[in-house]
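Q: Next up is a structure, given as structure tokens.
Nothing in this text is a laboratory measurement; each read-out follows from the coordinates by a stated rule. All values reported here derive from a predicted model rather than from experimental measurement. Methodologically, a virtual Cβ is constructed for each residue, glycine included, from the backbone with ideal geometry; neighbour enumeration extends over all protein chains shown.
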Amino acid sequence: MNVAQGIKEPLIYYQQHPESKYMDAVKEGLMALKDVHGYVNGMYGGDENLHGNDPTQGSELCSAVEFMYSFESILPITGDVFFADYLEKIAFNVLPTQVDDNYKTKQYFQQVNQIEITDKSRNFFNDRVGRIVFGTTTGYPCCVTNMHQGFPKFVQNLWYATADNGLAALVYGASKVNAKVANGQEVSFTEETNYPFSDLIKFTYNTKNDNTFPFHLRIPEWCNNPVIKVNGQIQKYNKEKIFILNRKWSENDVVELQLPMNIAFSRWYENSLGIERGPLVYALKLEEDWREVKTEEFDDTFFEVTTPSKWNYGIIENQINADSLKVDISASYSDYPWNLPNAPISIKIKGRQIPFWEKSMNSTGKIPIQSHPYIELYTPVEELELIPYGCTTLRIAQFPVIDNPRNR
Ligand SMILES: [Zn+2]
């Protein structure tokens, strides 16, 4: 958590001491963190000490919340969309999965590959205070206070005033803003969207008076071909990272932003595979059995979660291309999409079980390296269902890769 808090320090200092080395230091630090401790979800192995990039190490809820707050502090100083992308990655993947649907209990640590949540030992700091189960008083109390800061501060950062007396939407979510622009005129925009699940974002200017001011829109780095329309007219896009609409706004003017989401593959610990689509990381869907537990150590009850589903799947190497994946997007969205039944997107990919990838210390065992062609002798090819990481409680999000089946 100290790393998540401290990562912004050079750029906070930069405001009074504007040398480019402070600007560069944060990204260099983030890259080093990713290289040595990084996960596909944007977090890092930090179960008290920094603890490497094995996806069964823990990352603290406070680390996610403080990481977000660091990006929220850095973004208005730099205007660099890299930090907006990173902020959304934590907000839309890491944060939703670490609290329950009622926002009452939380995990102190979560794992990227997480196959059971029980009050038993893991290969990380464990002082027998329930660091992985969903509880209120379990874990250390820092997380129960921090958990409520994540989304409110995120919402505070959906809109910014700009130095050119306009408005900027650099992070996206359904919202309404009242702001002062130009020479202090009060204006209002409504933002309607099911982002990050939908790629469409609609802004409506709902102010009686006409006003001339620039409206800044972030184009995420994962999006190569955005479509920007004003009152139905497509705007010319020239690879800007922040697209500026500088015009006279009249009541009911509509800006439509479409951010097509491409599939991205990445490799992590032991060459494990991560799968992303736009701002969302995808993970193997595992059924959940929730069980309320009372023990003498805690004043209140807590929840353990286990699964009857098989989890020890690898992805077949020749399936690692966007054309092999089937993406299913629901026609409607729940008000609370962050759970298994309401997950609005699923992706199908082919894999097979790896029989010798077994449980170890209540986590997955070490990820098998690639090149096990003999797996074909044991297990059939199956279609695996992936859903957004933020909708899972148990999951595999960094997959072993299996060599292509032999032609026989
Ligand atoms: Zn904490």
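Q: Could you check the spin-label model distance between Q156 and E287? Points 7 Å from the Cα along Cα→Cβ, value in nm.
A: 4.3
Q: Taking amide H atoms as placed 1.01 Å from N in the peptide plane, list the residues 5 or more away in sequence, or in a different chain, whose amide H sits under 5 Å from that of W249.
A: Counting only residues 5 or more places away or on other chains, the set is N211, T212, F213.
Q: Can you compute 3J(HN,Hα) from phi for each residue in the range 212-221, using the Karplus curve 6.51 cos²θ - 1.76 cosθ + 1.60 with θ = phi - 60°, rounded to whole Hz and x for Gly and Pro?
A: Each residue of the range 212-221 in turn: 9, 6, x, 10, 9, 10, 7, 9, x, 5 Hz.
Q: About the Cα centre of the chain, how large is the charge dipole given +1 on each Lys and Arg Cβ and -1 on each Asp and Glu Cβ? Please answer in debye to the nearest 20.
A: Roughly 820 debye for the chain.
Q: What are the ³J(HN,Hα) values, in whole Hz, obtained from phi via the Karplus relation 6.51 cos²θ - 1.76 cosθ + 1.60 with θ = phi - 60°, for each residue of the range 2-18 in sequence order, with x given for Gly and Pro?
A: 4, 5, 4, 6, x, 4, 7, 3, x, 7, 5, 5, 3, 4, 9, 9, x
Q: Taking the mean number of other Cβ atoms within 10 Å as a proxy for protection, how do you rank 155-166, 309-320 from highest to lowest?
A: Put in order of decreasing packing, that is 309-320, 155-166.
Q: Please compute the volume of the convex hull spanned by the alpha-carbon atoms of the range 152-258 and report it per residue in Å³.
A: 102
Q: Could I have the simple spin-label model distance between K248 and E297, label points 7 Å from Cα toward Cβ, reported in nm to one decimal?
A: 6.9
Q: With each run of n ≥ 4 DSSP H residues scored as -39500 (n - 2.57), what mean residue ellipticity at 222 nm is computed for the chain after dividing by its residue count and rounding to the nearest 500 deg cm²/dmol?
A: So the helix-based figure for the chain works out to -5000 deg cm²/dmol.
Q: Taking 8 Å as the Cα distance limit and 6 or more residues as the minimum spacing, I'd like the relative contact order of the range 152-258 as a percentage.
A: 25
Q: What's the extension gain from E28 to N49 if we count 0.36 nm per residue and subtract their Cα-Cα distance?
A: My answer for the length gained is 5.5 nm.
Q: Count neighbours as other Cβ atoms within 10 Å of each site's Cβ, and list the GluC sites (Glu not before Pro) in the range 180-274 that are DSSP loop with at most 15 such neighbours.
A: Answer by residue number: E221, E240, E251.
Q: Between L340 and S175, 0.36 nm times their residue separation minus their Cα-Cα distance comes to what?
A: Contour length minus the Cα-Cα distance gives 56.9 nm.
Q: So, one more: Could you give the nm distance between label points at S309 and N271, where each point is 7 Å from its Cα heading toward the beta carbon?
A: Between S309 and N271, the label points sit 2.7 nm apart.
Q: Ranked highest first by the average count of other Cβ atoms within 10 Å around their residues, in what order do 13-22, 127-136 fall?
A: Taking the mean over residues of other Cβ atoms within 10 Å, the ranking is 127-136, 13-22.
Q: Right, next: Rounded to the nearest 20 Debye, what is the dipole magnitude of the range 152-258 about its Cα centre when Lys and Arg each give +1 and Asp and Glu each give -1 at the C-beta?
A: Around 140 debye, computed over the range 152-258.
Q: Between beta-carbons, use under 11 Å as the cut-off and find the net charge around P279, counting Lys and Arg +1, Asp and Glu -1.
A: Taking every other residue near P279 into account, the sum is -3.
Q: Okay, moving on. How high is the FRET efficiency between K21 and Y140 when r is their beta carbon distance and R₀ equals 35 Å, given to the nearest 0.05?
A: E between K21 and Y140, to the nearest 0.05, is 0.50.
Q: Report the gain in length on full extension from S360 to I234: 0.36 nm times residue separation, minus Cα-Cα distance, nm rounded to one decimal.
A: 39.9 nm
Q: Convert each backbone phi in the range 273-283 into a coupling constant with the Karplus relation 6.51 cos²θ - 1.76 cosθ + 1.60 (shift: θ = phi - 60°), then list the ³J(HN,Hα) values in order as whole Hz, x for Gly and Pro.
A: My calculation for the range 273-283 gives 9, x, 10, 10, 9, x, x, 10, 8, 10, 9 Hz in order.
Q: Then there's this: Could you tell me which residue out of G351, L325, I387 lies farthest along the dipole of the chain toward its positive end? Charges go on the beta carbon: Lys and Arg +1, Asp and Glu -1, centred on the Cα centre.
A: Checked the options; the winner is L325.
Q: On to the next question. Specify which residue in the list V305, I74, Y108 is farthest towards the positive end of the charge dipole of the chain, using unit charges on the beta carbon of Lys, Arg (+1) and Asp, Glu (-1), about the Cα centre.
A: I74
Q: So, one more: So what is the relative contact order of the chain, in percent, for Cα pairs below 8 Å that sit 6 or more residues apart?
A: About 16 percent, as a whole number.
Q: Using the Cβ atoms and a cut-off under 15 Å, what net charge is assigned to the surroundings of C142, where Lys and Arg are +1 and Asp and Glu are -1?
A: -3
Q: Another question, then. Where does each of V36, V65, V26, V181 land when they are ranked from fewest to most other beta-carbon atoms within 10 angstrom?
A: Result, fewest neighbours first: V36, V181, V26, V65.
Q: For Q258 and F125, what does the FRET efficiency come to when R0 = 35 Å and r is the distance between their Cβ atoms, rounded to the nearest 0.05?
A: Calculated value: 0.20.
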